[in-house]
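Data first, discussion second: the structure below is written as structure tokens.
The values are calculated or read from the model by the stated rules, or taken from the named source; none is laboratory data. Since this is a predicted model, take the numbers as computed values, not measurements. Methodologically, a virtual Cβ is constructed for each residue, glycine included, from the backbone with ideal geometry; neighbour enumeration extends over all protein chains shown. Keep in mind that these areas ignore ligands, DNA and RNA; they rest on the heavy atoms of the full protein, side chains included. Shrake-Rupley method; radii C 1.70, N 1.55, O 1.52, S 1.80 Å.
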Amino acid sequence: MRKTDEEIREICEKNNVDRLWSWSRLNTYANSPYEYFLKYVINAEEDRIDCVYPVMGGLAHSVIEKYYLGEIDRFAMESAFKDAWLSSIEILELKFDRNDEEKNKKIQDKYYKCLLHFFKNHKKLADKVQIEQFVTVKIGNEIIQGYIDACYKDENGNFNIIDWKSSSLYRGEKATKESGQLVIYALGLHQMGVPWNKIKIAWNFLKYVNVDCQQANGKTTTREIERSEIGNKLYNSVKMWAKKEGYTGEEPFMDKFLDTNDLGCLPLSVQNHFKVRDCLVYIDLTEELVKHWTDFVQNTISEIRDKEKQYKQTGKEEVFFDDPEQVEKQSYYFATLCGFSRKLHKPYDRYLNKLENENNLMTIGKPTPNSDNDDNFDWLNGI
């Protein structure tokens, strides 16, 4: 249950703070200080509402939440997802890629197939799962608030914090870079009295599955596969086991497996060589990782407060301007995902103007192709 404004004020008064910080707020600033300024300082309304990703994340969370709260059963998740997809994605014509319609269609089709497969096949993480559990975390003199997607106690007494993700997989450095929210929520549980060694944090990547595949030598390997690619990726292994189990490997169930990505259409004797699970990716909760993210929180809040003070004193929004190198590094985000267009996001507009001016300068002085001038033929031959 989401906290009301009155409840938030009571928490602030109890802890003697002027606000509760959220991870999304801190992450917005880290991503783009000027976007933070637009969104949280002057409360500007986003003027680009065609991006699909925030909506899709909310859509997936909503269906999962209804299932775990008992509002729908596991067999109704598929239709609930289809209805939400139609009303939220297709009717509103939201975009996965704003700049390339063909690419947008391909991404959309893949996302739909992957998420539909998840909702057809997901099984409960545990008998008792807390959904959207509110948590507060004290770091220095500041309070962070958040809602844990899913939290449950496993058979070993470990508290598992799960974050549903409809994005691509995180691995290696990317996983460390994206682990902040999970780590801070773990700190919240620890401050409630749960020992560190009893807390586990993980993402559940909805687009993927973990498949335990038995090899011909009897060993088992685990593969991470996009749900829309299960048939393609496992086809050769399935065909091998079909032959070993007395089939030719040319039966209609092979084509059906390719088409549906569903191991359930295979003979049971073939299915038994594979085990499909949700793609849970765990992060080691080390002392160093906790320190890294608590330092990040304190430093980021300190920087925000300093810039808010400067802006209040001077009225100059430039104190929140992104570094030009940061804008360049985040150019794909601003072009594809950001809720603010160049019209409102001035640092991004400056970056685009600079690119446009450079492109114009490159064309100045170039000879125009003209059949009456032999030199122009030399220029054309050099292209």
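Looking for something within 24 Å of Cys279 (Cα to Cα) and either open to solvent by 60 Å² or more (accessible area, probe 1.4 Å) or of a type in the set (D, E, K, R) (or both) - is there at least one such residue anywhere in region 135-151?
yes
So, in region 1-50, how many residues would count as being under 27 Å from Tyr68 (Cβ atoms), hydrophobic (A, V, I, L, M, F, W, C) and part of a loop (DSSP other than H, G, I, E, B)?
Going through region 1-50 one residue at a time, the tally reaches 2.
Kindly list, by first and then second residue, each pair from a residue in region 162-181 that is open to solvent by 30 Å² or more (accessible area, probe 1.4 Å) to a residue that is of a type in the set (Phe, Trp, Tyr), limited to pairs with Cβ atoms under 7 Å and residues at least 6 apart or on different chains.
Matching pairs, first to second residue: Lys165/Trp203; Lys165/Phe205; Leu169/Phe205; Leu169/Tyr208; Glu178/Tyr170; Gln181/Trp23.
Residues of region 92-127 being assigned to a loop (DSSP other than H, G, I, E, B) and either open to solvent by 60 Å² or more (accessible area, probe 1.4 Å) or at pLDDT below 85 (or both), which ones?
Within region 92-127, Leu92, Glu93, Leu94, Phe96, Asp97, Arg98, Asn99, Asp100, Lys123, Lys124, Asp127 qualify.
Here's a check for you: in region 266-298, which residue that is among the hydroxyl-bearing types (Ser, Thr, Tyr) and not in a loop (DSSP other than H, G, I, E, B) is most open to solvent (accessible area, probe 1.4 Å)?
My answer is Tyr282.
I'm checking my understanding of the structure. Among residues of region 197-243 that are within 14 Å of Cys114 (Cβ to Cβ) and charged (D, E, K, R), which one is surrounded by the fewest Cβ atoms within 10 Å (Cβ to Cβ)?
Applying the filter and picking the extreme gives Glu224.
Test Lys316 against the criterion of being free of Cβ contacts under 8 Å to residues at least 40 places away in the same chain and under 30 Å from Asp18 (Cβ atoms), and give yes or no.
yes
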